[in-house]
Structure formats: C-alpha cells, structure tokens
1. Can you give me the C-alpha center-to-center distance between region 160-229 and region 60-116, rounded to a whole angstrom?
2. Net charge near residue 243: determine it from the other residues with C-beta under 15 Å of the C-beta of residue 243, scoring Lys and Arg +1 and Asp and Glu -1.
3. Which of the peptides 163-170, 98-105 is most tightly packed, and how do the rest follow, going by the mean number of other Cβ atoms within 10 Å of each residue?
4. By how many nm would the segment from residue 260 to residue 169 lengthen if fully extended, with 0.36 nm per residue of separation less the alpha-carbon distance?
5. Please compute the net charge surrounding residue 98, taking Lys and Arg as +1 and Asp and Glu as -1 over other residues with Cβ under 14 Å from its Cβ.
6. Divide by every residue of the chain the summed helix terms, -39500 (n - 2.57) for each DSSP H run of at least 4, and state the resulting mean residue ellipticity at 222 nm, rounded to the nearest 500 deg cm²/dmol.
7. Order 41-50, 178-187 from most to least packed using the mean count of other Cβ atoms within 10 Å.
8. Need the list of lysines near residue 265 for cross-linking: C-alpha distance under 27 angstrom, and skip anything on the same chain fewer than eight residues off.
Amino acid sequence: MLDTCRRASGRPFVHQIIESVLSVSVVARCRITPAAKMHAEDMGFLRRAMNASRQNSFSETMTGLVRAFSGHFRTVRAFHGCRPASFEPYLTHGLLPLSRELLSQHAYSLFAGKISRDEADVLVAKADLSTRLGVIHFGTDPRAQISEYGHYLIDGPESLCRVFDGARFSERRERRRQLGVPTMIDCAVPLELISPERQANLARHVITAFFSEQSDIPDEDSWDNDCSVILESPLSPKNILGHFHPAEIYDAHGDGAPYRSPVTKCRWCAEWPSG
Ligand SMILES: [Zn+2]
C-alpha cells in the first residue's frame, strides 16, 4: 500500500524505478534543483533536467514511471473526511459516489417536517453539483483535511450548500452542525479503481517527494504530503481500514479559533480504529 505520510516505506521502490528509468546525468541534474522549485503538477524540474541532458523523451519517460508505479502499488491509503450520524452504513455499504438520489434523501431528512420529499427533489435537481456528482473525494494526509480545510468535518458535505444556497443556507449549517460526529475514514483505495490520469497524478506526487528529499537544497516546508484522490465508483467496506474523530478542526468561519468537536468517540471506535 502506498502511504504518502510514511515516505520511508515507499522510498526503496521509488529509488529503484527512478534508477531503472532515468539516466545518471538526469538524476544528478534533478538533485541540484532546489526542492522549493519542484512541483508535482508539471514536473518541470524533471523536464528541464532531461532537456539539459539532451534527452527529449519526457512524455515517454513519464509514461514509464507511471506504469512502473501503478504496477507496484495495489492500493493507496487515503482518508475521507465527513460528519456522519453513524459509522454503520459505511461498514454495510462502503463509500458511495454522490448521487442526486442520495443527496435528496439527506436534504429531506435534515429538514425533517419542514420540506416535502418533492421539494427536496426539486432543490437537488437544480443544484450545481458539477464537481461533486458521481465522485468520492479523499486526501492522502488526514492532517491536511483537519488543519486546512475542515469544513466537511464540521458542516457535512459541501453538496448540501449547493442545495440550500438561499434563505435556508444558515439554517442548513446549524442543523448540520447538530447532526453526526466529525469523522476521518481511513481507506485502502485500490489503484485499479482510480482513473489513469489520477494514478499519474499520484505517481508525480510521490516521485517529486522523492526528489525533494534528495535535493542538495532541501526545503522541508515546501512539501505537502497530501495528494487528492478522487474515485468514480463505490468503495467496498473491505477497503475501510478504520476511522477516528479529530478533536480540533480548522474552522474557516471561526474567526481564527478552531472548532472543538464535542464527541471524539463512537460505539464503533474500539472495533474499527484507524491504525
Ligand atoms: Zn468512532
């Protein structure tokens, strides 16, 4: 399993594929690049190192690196931040991509007695869910979700904001904050379920982390272990490793003060702890 927060465990393999795919001169040129100038999005540091070594096969090289990477790791450890009323549905159904049907059920039960099911369906049908529908979002570093963008943990799914974006916006937040417990679900996401483009994104992230560690001019602060993972299919309960409930969460609406969760244990904590 690839775990971007435990870099040492994957380092021997990354070292091996880099040595098998890249020439000695390219690796040496990468090492003299300051770590602060290495960016996984475009891998410009590798492209420049290859150009300087008169090697013009950047895209073929990247294809080789990604193929070796995907052939080695079967799963990636990734965390889904949420605020569920119960952990039990995850153990029964796993994690499901967002659908308008699921969201309408959620919207209806959240405003129980105040809106009809038909009204919930209409609100959900006209909500802009373009970046949310049909996917499940994960991040590989739980600390990033807790300390940088904790709103999923505090206020529940962002998709609900799209449904109640008018007069009920504040009421939706208040009702959602009364419901459930901030939860990080610890998962082993199979790489075969992740699109090739997103597998390449993960590979670029890991390879850039490796070179930033090896740089002659390191910069630990510039590197973020967190990498976004997006799944377009359900995740089976057998891929759930555990869960935990953070006590303090970054709150964008808290005027600098963190959100303090009143509940940090649930009845499933002992049975399904995060390792
Ligand atoms: Zn729990």
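1. Cα centroid of region 160-229 versus Cα centroid of region 60-116: 12 Å apart.
2. +2
3. In descending order of packing, they fall as 98-105, 163-170.
4. Additional length available on full extension: 30.6 nm.
5. -1
6. -12500 deg cm²/dmol
7. So the peptides 41-50, 178-187, ranked by packing, come out 178-187, 41-50.
8. Straight-line reach from residue 265, under 27 Å: 238.
Each value in this text was obtained by applying a stated rule to the coordinates, not by laboratory testing. None of the values given here were measured: they were computed from a predicted structure. All Cβ positions, even for glycine, are placed from backbone atoms using ideal geometry, and neighbour counts span all protein chains on display.
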